[in-house]
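Novice: Got a structure here, written out as structure tokens. Questions coming.
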Amino acid sequence: MIKNILIPEKIKNYYIFPKRVVGFDIDKTHVTATQLYLGGNTVTIERCIDEKLEIGAQLSHDEKVVNAIKNIVSNLDSFDEIYTSISSSHVIFKSLKLPFTSYSKIKGVVEYEVEPLLPFSAADALIDFIVTQEIPEEKSSEVMVVAAQRTAIEQHVNFFEQAGVAPTKVVVDLLSLYSLYKNIPDYAHLKGSVVLVDIGFNVSRVAFINDGRLAFVRTIPKGMFNQAKELAQLHNISQTEAAEIIMRFGMEKPDDPSYKKNMEKVASTFWADIKFTLQSFSSQLQQEVDIEKLLILGQGAKIAGVSEFATKFLGISSQLFKVESLIRNSNIKIKNSLTIPSGNIISLAVAFPSNIIEKFNLYKMGAGIRDTNLLNKQLIAAAVFVFLIFTLLFVHKYVQVSKLQQEYASSEKQAVAALHEKFKKSQEEDTLESAVEVAEREVEEKERWFAFVGKDRFSFLKYLQALFETIDKDALGIQVEKLVVSPSDMEVMLDAQVKDYNALRTLVKDLKKNKMFKLEASPEKTKFKMNIKLLKNV
């Protein structure tokens, strides 16, 4: 299986990917469905549908079920997944205590533990479990293991496939009911022993919960129709008429004492089986057990006065199983003030998200379908994630390049301004490249004077020294305004002034006497410009 490749469908109880789930419960005479929307940390109960199977001999029971599923699907909103429950009568339950708490370790050994107890081949078995209790101090767990024949699951799934839909999960009715029970505020923290009795038309399901832990489950092949059949015999009416009277009047009928008497007789037969079942559960616990509460649900919960009769007959406080306290949880909503019928409680339990039954699934092929859907969502998320990464990288690159371009332009302006300040000839240039070219040429010209190496550099300094020694500044009173050296022409242009004509004659005489210099012409005024040739053969 490929799970949680990039982003999980949900984190704890928060759904990252919203989805709509429909839970189905199939009975002998009815198919019920409850539609939930799971988004974020909110569960919204949107629809409760009860579809009665068609009456008529021309269709088989399977065909009636398929038609009922089709009718229900046509009345649903667009959904993502279908969960369905199989009757407890089709599976085998086994409670085990194992010396570890890790789910993966339990899963690795549970099939080997149950295999010897199966009345059918292990190769034909589909096995799963729920953890009913963890005991940290002992590092152990108590689990309820369920085994079903593969053919039973395939036949159940076939109802949906013929209706044109595919379930992704198959659970067990009583396990789903237990998980819902644990999520209802009024029941979640009940201590002692509590019994859940789901009265259907043909079968009734019993779950025994001890100190919050599911201890035993059992299916009794009796329901409302069995009571209707016995009442029909006592009143000489048809079973259908008797069922309608029971649903209409309940445990007693006004102005008809015989009805009440016969109904109590019929109900006593049914509840005697429930009582025997409870005694059997208590004996298996090997301790004296006082049942604190008995909760009634299913189609039988619609019988007026049923909880009062059960209390009197069993001597146990009995009441109808109610889910209204679910909405006390701010994360659970009921759309359009929807009323949840007692007959839809199982289908609600099948669809309702719960950590207890989240990993349970007898339909292994359906798990693959669910993983495929999850994989598709995760691949979409991966594509979006990759797109966002590349988008962020592109934006980051664009911002950084823009900053660099701005910094480059600013630095270029500063560099050009610095060149303009240092090199006068570059002031006419606007770009850094052209300003650098002009500056380089100017530097090259200056390097001819100040970057001589070896003998050339020494000779040039010698000329300057000789010129300094030849001119007697104090005697001549000379004032130099400019001294320009031309290395290419090997001459020095002297722009100066002496104090009088005698000083001028002395300057000319001294320069002519020095063999390192040659005068092109003698100045005639005390303020003069003189070109002095530098002789190489010195």
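Novice: Please verify whether region 86-102 includes one or more residues that are of a type in the set (Val, Ile, Thr), under 28 Å from the mean Cα position of the chain (by Cα) and outside any strand (DSSP E or B).
Specialist: Yes; the residues of region 86-102 include at least one that is of a type in the set (Val, Ile, Thr), under 28 Å from the mean Cα position of the chain (by Cα) and outside any strand (DSSP E or B).
Novice: Can you pull out every residue in region 77-94 that is surrounded by 14 or more Cβ atoms within 10 Å (Cβ to Cβ) and of a type outside the set (Ser, Thr, Tyr)?
Specialist: Answer for region 77-94, where residues must be surrounded by 14 or more Cβ atoms within 10 Å (Cβ to Cβ) and of a type outside the set (Ser, Thr, Tyr): 79, 80, 81, 82, 86, 90, 91, 92, 93, 94.
Novice: Okay, next question. Going by the structure shown, is residue 313 closer than 17 Å to residue 222 by Cα and either modelled with pLDDT of 95 or more or exposed (fewer than 13 other Cβ atoms within 10 Å of the Cβ) (or both)?
Specialist: So residue 313 fails the test.
Novice: Turning to a different aspect of this structure: Is it the case that region 159-173 has a residue that's surrounded by 18 or more Cβ atoms within 10 Å (Cβ to Cβ) and aromatic (Phe, Trp, Tyr)?
Specialist: Yes: one or more hits.
Novice: Follow-up. Go through region 294-342 and report how many residues are touching a residue at least 40 places away in the same chain (Cβ under 8 Å), closer than 16 Å to residue 185 by Cβ, outside any loop (DSSP other than H, G, I, E, B) and within 37 Å of the chain's Cα centre (by Cα).
Specialist: Residues that pass the stated criteria total 6.
Novice: Report, by residue number, each residue of region 226-241 that is out of contact with any Asp or Glu (no Cβ under 9 Å at 6 or more places or on another chain), in contact (Cβ under 8 Å) with a residue 12 or more places away in the chain and among the aliphatic types (A, V, I, L, M).
Specialist: Those that are out of contact with any Asp or Glu (no Cβ under 9 Å at 6 or more places or on another chain), in contact (Cβ under 8 Å) with a residue 12 or more places away in the chain and among the aliphatic types (A, V, I, L, M): 231, 234.
Novice: Related question: Taking the condition of a type outside the set (Ser, Thr, Tyr), surrounded by fewer than 16 Cβ atoms within 10 Å (Cβ to Cβ) and touching a Ser or Thr at 6+ places or on another chain (Cβ under 7 Å), does residue 97 pass?
Specialist: For residue 97, the condition - of a type outside the set (Ser, Thr, Tyr), surrounded by fewer than 16 Cβ atoms within 10 Å (Cβ to Cβ) and touching a Ser or Thr at 6+ places or on another chain (Cβ under 7 Å) - is met.
Novice: Kindly establish whether residue 59 is assigned to a loop (DSSP other than H, G, I, E, B) and closer than 25 Å to residue 161 by Cβ.
Specialist: yes
Novice: Can you tell me which residue is farthest from residue 224 (Cα to Cα) among those in region 270-287 that are surrounded by 15 or more Cβ atoms within 10 Å (Cβ to Cβ) and among the polar types (S, T, N, Q)?
Specialist: 282
Novice: Considering only region 245-269, state which residues are of a type in the set (Val, Ile, Thr) and surrounded by 16 or more Cβ atoms within 10 Å (Cβ to Cβ).
Specialist: 245, 246, 266
Novice: Inside region 482-538, can you point out the residues that are among the acidic types (Asp, Glu), within 18 Å of residue 463 (Cβ to Cβ) and surrounded by fewer than 12 Cβ atoms within 10 Å (Cβ to Cβ)?
Specialist: Passing the criteria: 489, 520.
Residue by residue, here is whether (1) assigned by TED's automatic domain parsing to the domain that holds residue 212; (2) under 21 Å from residue 84 (Cα atoms); (3) surrounded by fewer than 20 Cβ atoms within 10 Å (Cβ to Cβ); (4) not aromatic (Phe, Trp, Tyr) holds:
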{"site": "120", "(1), (2), (3), (4)": "no, no, yes, no"}
{"site": "124", "(1), (2), (3), (4)": "no, yes, yes, yes"}
{"site": "129", "(1), (2), (3), (4)": "no, yes, no, no"}
{"site": "138", "(1), (2), (3), (4)": "no, no, yes, yes"}
{"site": "141", "(1), (2), (3), (4)": "no, no, no, yes"}
{"site": "144", "(1), (2), (3), (4)": "no, yes, no, yes"}
{"site": "148", "(1), (2), (3), (4)": "no, yes, no, yes"}
{"site": "151", "(1), (2), (3), (4)": "no, yes, yes, yes"}
{"site": "156", "(1), (2), (3), (4)": "no, yes, no, yes"}
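Novice: Restricting the search to region 185-219, which residues are assigned to a strand (DSSP E or B), under 18 Å from residue 134 (Cα atoms) and either assigned by TED's automatic domain parsing to the domain that holds residue 87 or aliphatic (A, V, I, L, M) (or both)?
Specialist: Passing the criteria: 209, 214, 215.
Novice: What number goes with the only condition from (1) surrounded by fewer than 19 Cβ atoms within 10 Å (Cβ to Cβ); (2) closer than 24 Å to residue 22 by Cβ that residue 234 does not pass?
Specialist: Against the list (1) surrounded by fewer than 19 Cβ atoms within 10 Å (Cβ to Cβ); (2) closer than 24 Å to residue 22 by Cβ, residue 234 comes up short only on (2).
Novice: Turning to a different aspect of this structure: Of the residues 182, 229, 222, only one is of a type in the set (Lys, Arg), surrounded by fewer than 23 Cβ atoms within 10 Å (Cβ to Cβ) and either in the same structural domain as residue 89 (by TED's automatic domain parsing) or closer than 29 Å to residue 97 by Cβ (or both); which?
Specialist: None of the other options fit; the residue is 182.
Novice: OK, next. All but one of (1) basic (Lys, Arg); (2) within 36 Å of the chain's Cα centre (by Cα); (3) modelled with pLDDT under 95 hold for residue 70, so report the exception by its number.
Specialist: For residue 70, the exception is condition (3).
Novice: Scan (1) in contact with a Leu (Cβ under 9 Å, 6 or more places away or on another chain); (2) among the β-branched types (Val, Ile, Thr); (3) not in a strand (DSSP E or B) for the single condition residue 130 breaks and write down its number.
Specialist: (3)
Novice: Does residue 206 satisfy the condition of being surrounded by 15 or more Cβ atoms within 10 Å (Cβ to Cβ), more than 26 Å from residue 360 (Cα to Cα) and touching a helix residue (DSSP H, G or I) at 6+ places or on another chain (Cβ under 6 Å)?
Specialist: Here the answer is no, as residue 206 does not meet what is asked.
Novice: Follow-up. Return the pairs, sorted by first residue and then second, in which the second residue is at pLDDT below 90 and in a helix (DSSP H, G or I), the first residue lies in region 278-291 and is more than 19 Å from residue 190 (Cβ to Cβ) and not assigned by TED's automatic domain parsing to the domain that holds residue 314, the beta carbons are less than 7 Å apart, and the residues are 6+ apart or on different chains.
Specialist: Once the first residue is more than 19 Å from residue 190 (Cβ to Cβ) and not assigned by TED's automatic domain parsing to the domain that holds residue 314 and sits in region 278-291, no partner that is at pLDDT below 90 and in a helix (DSSP H, G or I) comes close enough.
The values are calculated or read from the model by the stated rules, or taken from the named source; none is laboratory data. Keep in mind that this is a model prediction, so the values were computed, not measured. We place every Cβ from the backbone using ideal geometry, glycine too, and count neighbours over all the protein chains shown.
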